[in-house]
Structures are given as structure tokens and as C-alpha cells.
Amino acid sequence: MKKAKYIYWFLSVVLLVLSSCTHEDQDDSVKFLKKIIETTEGGEVKTTTFLYNGAEISSIEDDSTIKEFKYTLGLITEIGTTTKSTSVRKKVAYFYENGKLIQVKSNGDYLINYVHNQDGSISYEKFDISVLNIEAKIYHGVLFFSNGNIIREERIYDNVAPGVLSKYNVNYEYDFKLNPLHNIKGYDKLLDHEGIISTNNYLISTVETTIEKDNQIISSASFYKNTFKYDKGNYPVEKNSLVSIPHKGISINLKTTYSY
């Protein structure tokens, strides 16, 4: 009988230790971004802080703005952005169907409708509703995904003169590490936030614009390149970015540090 009690006690202790280790491993594997500091070549510094309620983001604040988030049943349904210098607050509402984003609306400003296609891509249309809430289409396009990452965006502008075809395409290349923003509950649903909602961190983003008119084509490209340093948990702790816009003669270097 004593032997049976000893075995029971031993197994209980082992299970408790294993449970404790598992819990610690889970805590270590999921990190939430608390602060990022961006420094330009000229020494200008921008600090952004993140506040949470559990896994839900409460606010994101920098020197000029504060964004406040509201949730409904685990989904982000409103983001209110206040400009500190003017105290002007703008709200963007998010609407879902079966857990998928179907509409983004900023009253008196714009409206975006999303359609989730069977092949995994997502089509969208953006409208200007600033004049009497009349919908004037600005552009339409498609988002393409792979392994939880936005890999390509194709867009065609509709608010152009007759006979003009204006296109905007973005391609992303990613690392295999963890994007800390992806851990925020519901953040990956915010399709209007583009590449930063992806599972991984993008290394290269190429933006191509073309305008066709009277059999003539004008094209330009911009390049965004990121190199990262990571911690032992595969989260970024430092990012060095190069923004290159050749047709405007612009080249910018930016250093970003991450705190958890």
C-alpha cells in the first residue's frame, strides 16, 4: 500500500514539473512587442509604445498619434487615431463575416470591401465616400498569400482619366522568423495594414507603378530592404532598413530596435 502511495506521489510530482515546464515554454515562445525605437541617419528618434490587455492590443502610441483599439468577441472592430497636435480623432470600423474581414469603413472618408476567394486570394475595392457618402471607386485589386504571408498585391486605379491605365504592384519576400505583431489577437485580420500583418518579417518589398496612355508606358519602382538581428526565440531585436526610390533620387537608412 505504501509502495502504491509512493508511486502515485512520484507521478504527481513528475506531472506537476512537466506541466510547469510546458507552461514556461509557452510563455517564452509567445512575446508581445512593448516598444520600438526608430533612428534615422540624421539622428532623429521616434519611439512607439504598445499596451495590451492580455493578448489584445489596447493602444499604440508615438510622439504624434495614439491609436486605441476596441474588440468584439476577439476581433478588432474599431481603431481610433488621435492626432496629438490637433486633438482630432478619426475612427475606422472593421466588419466581419464568419471571422473574416469583409469591410473597413472610415465615416466621411473611405470604404473598403473585401471578397475572400476560393483559391485563398482576397479581392478588394476602395471607395471615396467623402462627398455626401456617395461611393466613388478609387481602385480595386487582389491580395495573394502563402504560409500566412501577403506575398503580392496587384492594384488598378479607377479614378483616372479615360484611356489611362494605372497599375500598382507590390511583391514581398520574407524570413522564416517570428513577426511579433502576428501575436496580437485579431491583428492578422487587418488586411488594410498590408505586409506587417504577415506571419513572418518581410526582408524585401518591391513597389512597381505603371501608367499606360496612348501606347506609351511610364514605370517606376521603389525598394524596401530590411536586415534583422534576432533573439534566441527567433524574434527580431534590431532591424536596419534601406528605402530606395531611384526615380526621385531618394535613399534612406533607418535603424529600429525592438523591446518585449
**Prompt:** Mind checking which pairs have a first residue in segment 190-201 that is over 12 Å from residue 172 (Cα atoms) and of a type outside the set (Lys, Arg) and a second that is part of a loop (DSSP other than H, G, I, E, B) and open to solvent by 40 Å² or more (accessible area, probe 1.4 Å), Cβ under 6 Å, 6 or more apart or different chains?
**Reply:** 199/148
**Prompt:** Which one of the conditions (1) open to solvent by 60 Å² or more (accessible area, probe 1.4 Å); (2) touching a strand residue (DSSP E or B) at 6+ places or on another chain (Cβ under 7 Å); (3) under 30 Å from residue 75 (Cα atoms); (4) at pLDDT 95 or above does residue 225 fail to meet, given that it meets all the rest?
**Reply:** (3)
**Asked** Is it true that residue 198 is small (Gly, Ala, Ser) and within 27 Å of residue 230 (Cβ to Cβ)?
**Response** yes
**Item:** Lone qualifier among 48, 82, 22, 65 - being modelled with pLDDT of 50 or more, more than 16 Å from residue 193 (Cβ to Cβ) and of a type in the set (Ser, Thr, Tyr)
**Value:** 82
**Asked** Do the conditions hold for residue 77, that is, is it farther than 30 Å from residue 218 by Cα, outside any strand (DSSP E or B) and either open to solvent by 30 Å² or more (accessible area, probe 1.4 Å) or not hydrophobic (A, V, I, L, M, F, W, C) (or both)?
**Response** no
**Request:** Would you mind stating whether residue 82 is β-branched (Val, Ile, Thr), over 17 Å from the mean Cα position of the chain (by Cα) and not in a loop (DSSP other than H, G, I, E, B)?
**Result:** yes
**Request:** Look through 243, 207 and report the one residue that is under 17 Å from residue 149 (Cα atoms), in a strand (DSSP E or B) and either of a type in the set (Lys, Arg) or open to solvent by less than 50 Å² (accessible area, probe 1.4 Å) (or both).
**Result:** 207
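Yes/no per residue for (1) among the polar types (S, T, N, Q); (2) assigned to a strand (DSSP E or B):
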residue: 170; (1), (2): no, yes
residue: 185; (1), (2): no, no
residue: 194; (1), (2): no, no
residue: 203; (1), (2): no, yes
residue: 222; (1), (2): yes, yes
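Condition test on residue 224, is it free of Cβ contacts under 8 Å to residues at least 24 places away in the same chain and aromatic (Phe, Trp, Tyr)?
yes
The values are calculated or read from the model by the stated rules, or taken from the named source; none is laboratory data. Computed from a predicted model, the values in this text were never measured in an experiment. In this analysis, Cβ positions are derived from the backbone assuming ideal geometry, glycine residues included, and neighbour counts consider all displayed protein chains. Remember, those area values only see protein heavy atoms, side chains included, never the ligands or the DNA or RNA. Shrake-Rupley method; radii C 1.70, N 1.55, O 1.52, S 1.80 Å.
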